[in-house]
Amino acid sequence: MRAAAPDGPAAMAPEVAAEAAAIAGRHADSVDREARFPAEAFAALKEARLLGLMVPRDFGGGGGGLADAAAVAHALARKCPSSGLIYAMHQIQVACLVRHGQDSAWHRSFLERLAGEQLLLASATTEAGIGGDVRSSACAVGDEPGGAFRLEKQATVISYGAEADAILVTARRTADSPPSDQVIVPVLRGQTQLEEIGGWDTLGMRGTRSVGYRLVAEAEREQILPLPYADISARTMLPVTHILWSCVWLGIASDAVARAASFIRAEARKRPGTPPPGARRLAEATAGLQAMRGMVRGALARFEEAADDPDRLTALGFAVAMNTLKTEAAEMVVRIVGQAMLVGGLSAYRNDSPHSLGRHLRDAHSAPLMINNDRILGNTANLLLAHRDNGSLFG
């Protein structure tokens with residue numbers, strides 16, 4: 001595996017991402033079958049220094065932007081969706097630190113460690129008794145002597161928690177704070193105890209190892225990100241999550257359509273001059289893929305245009321657009337993979353076929369469920385009570 005150049009990993013991201021993706025692809029079936037962390041892919045990503053891709057160069061990182069991370073997540077997802085999703089979840093946390101942690105000495109030092117050691121970051125946002133409502137926390141940052149704190153969280157899901165070098169945890173600011181007064185606290189592996197409270201035997205995305213844990217952390221108060229979680233979520237976490245996850249789903253859809261096209265070409269060679277029965281279905285799947293790609297690119301461009309403007313990032317129209325990206329992309333990947341399976345017929349249905357789409361179909365069905373579409377649609381419906389679309393072509 002060739003490492004990216006120290007002075008410009010972002011420029012080489014597509015090339016080294018392709019190599020990491022090839023490694024991920026060779027182990028994808030094993031990762032899926034055994035529901036294990038894709039260790040081989042992440043060893044390659046660390047060697048290529050792609051975990052620090054979005055860390056500014058002043059801190060020893062790659063200096064890349066969200067588009068660079070999106071391209072890597074997409075490339076990985078085409079070969080191993082679990083690897084792509086883990087990479088996306090890691091970069092969501094990196095984006096929060098880069099965009100909201102540079103005014104703090106502890107977080108600046110942590111960014112240097114992240115880039116230098118290629119640390120893998122996870123998050124703990126969901127919680128027993130609250131479920132998927134990430135805008136509420138039951139656990140709180142409790143004061144300890146000497147400027148320290150103690151935190152205990154019954155986290156229903158921490159993806160790849162056992163493999164993470166640090167976990168960004170949401171919690172109430174103090175024991176007396178209301179559930180919505182939240183902060184984000186990065187806690188390091190040596191500061192954290194994890195006790196499994198749930199397994200991970202799922203239909204798809206099995207390599208993410210999204211196990212439930214009782215998390216106990218003891219750390220320093222200086223590790224708490226200064227900006228409230230609500231602001232970090234609106235300005236960074238929500239849009240970056242929806243964009244990067246959509247890039248993963250686009251990667252799944254892209255590979256499914258590519259396999260369907262390969263099947264059609266093989267069938268056409270057998271009977272020259274006679275269009276294969278699935279050719280029309282392939283045209284439908286391709287049209288859907290192009291529409292999905294355009295939607296994801298448009299959302300990425302919209303975020304990059306607004307990235308330095310808190311007013312635009314917190315506007316109702318922007319939140320509606322990002323929510324809609326997530327719900328639509330999640331539905332589209334299921335539909336496109338289903339169309340591609342109809343193209344390939346039994347060859348796509350079989351697990352022992354080069355055109356198999358079984359894993360793609362199972363992984364795609366995670367999209368409407370991981371960050372549930374119904375919850376997001378309900379949130380969007382509430383936003384639309386106050387927001388009116390201006391009807392503009394570029395609005």
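The values are calculated or read from the model by the stated rules, or taken from the named source; none is laboratory data. Bear in mind that the values here come from a model prediction, so they are computed numbers and not experimental data. Cβ placement follows ideal geometry from the backbone for every residue including glycine, while neighbour counts extend to all protein chains displayed. Keep in mind that these areas ignore ligands, DNA and RNA; they rest on the heavy atoms of the full protein, side chains included. Shrake-Rupley method; radii C 1.70, N 1.55, O 1.52, S 1.80 Å.
Work out how much length residue 57 to residue 195 would gain on full extension: take 0.36 nm times their residue separation and subtract the Cα-Cα distance, in nm to one decimal.
Values: separation 138, 0.36 × 138 = 49.68 nm, distance 3.63 nm.
Answer, rounded to one decimal: 46.0 nm.
Given axes a ≥ b ≥ c from the Cα gyration tensor, I'd like to know whether the chain is rounded (a/c under 1.5), prolate (a/b larger than b/c) or oblate.
Details: a/c = 1.74, a/b = 1.53, b/c = 1.14.
Prolate.
Given the rule -39500 (n - 2.57) for each run of at least 4 DSSP H residues, summed and divided by the residues of the chain, what is its mean residue ellipticity at 222 nm, to the nearest 500 deg cm²/dmol? Write out the running numbers ahead of the final one.
Values: 13 runs with 203 residues, N = 395.
Value at 222 nm, helices only: -17000 deg cm²/dmol.
Taking 35 Å as R0, compute the FRET efficiency from the Cβ-Cβ separation of residue 258 and residue 382 and round it to 0.05.
Numbers: r = 39 Å, r/R0 = 1.11.
Using R0 = 35 Å, I get an efficiency of 0.35.
Assuming R0 = 51 Å, can you tell me the calculated FRET efficiency for the pair residue 103 and residue 346, based on Cβ-Cβ distance, to the nearest 0.05?
Numbers: r = 58 Å, r/R0 = 1.15.
Efficiency for this residue pair is about 0.30.
Can you give me the % of accessible surface on the stretch 14-120 that is carbon or sulfur? Probe 1.4 Å, all protein chains present, nothing else counted.
On the way: 1680 of 3550 Å².
Carbon and sulfur: 47 percent of the exposed surface of the stretch 14-120.
Let me know the shape class of the stretch 102-193, please: from the alpha-carbon gyration tensor, a ≥ b ≥ c as square roots of the eigenvalues, rounded when a/c is under 1.5, otherwise prolate if a/b is greater than b/c, or oblate. Before the final figure, lay out each step's value.
On the way: a/c = 1.90, a/b = 1.31, b/c = 1.44.
Oblate shape, in that a/c is at least 1.5 and b/c is the bigger or equal ratio.
Straight-line reach only, C-alpha to C-alpha below 20 angstrom: list the aspartates and glutamates that residue 79 could link to, leaving out same-chain residues fewer than 8 apart.
Those aspartates and glutamates meeting the cut-off are 15, 19, 29, 32, 34, 40, 47, 68, 255, 352, 363.
Under a 1.4 Å probe, what is the accessible area of the chain per residue, stated in Å²? Mind dumping the intermediate values first?
On the way: 16840 Å² over 395 residues.
Heavy-atom SASA per residue in the chain reads 43 Å².
Can you give me the relative contact order of the stretch 122-226 as a percent, contacts being Cα pairs under 8 Å and 6 or more apart? Display every interim value, and only then the final one.
Values: 238 pairs, mean separation 33.2, N = 105.
After rounding, I find 32 percent.
Rounded to whole Å, give me the distance from the Cα center of the stretch 17-79 to that of the stretch 326-395.
Answer, in whole Å: 23.
Let me know the charge dipole size of the stretch 236-386 about its Cα centre in debye, to the nearest 20, where only the beta-carbon of Lys, Arg (+1) and Asp, Glu (-1) is charged.
Values: 17 positive and 13 negative charges, 188 e Å.
Dipole magnitude for the stretch 236-386 comes out near 900 debye.
Which of rounded, prolate, oblate describes the stretch 14-120, given a ≥ b ≥ c as roots of the alpha-carbon gyration tensor eigenvalues and a/c under 1.5 marking rounded, otherwise prolate only if a/b is larger than b/c? If you can, show how the numbers build up before the last one.
Details: a/c = 2.26, a/b = 2.01, b/c = 1.13.
Taking the square roots of the gyration eigenvalues as a ≥ b ≥ c, the stretch 14-120 is prolate.
With every protein chain left in place and a probe of 1.4 Å, what is the accessible surface of residue 384, to the nearest 10 Å²?
The accessible area comes out at roughly 90 Å².
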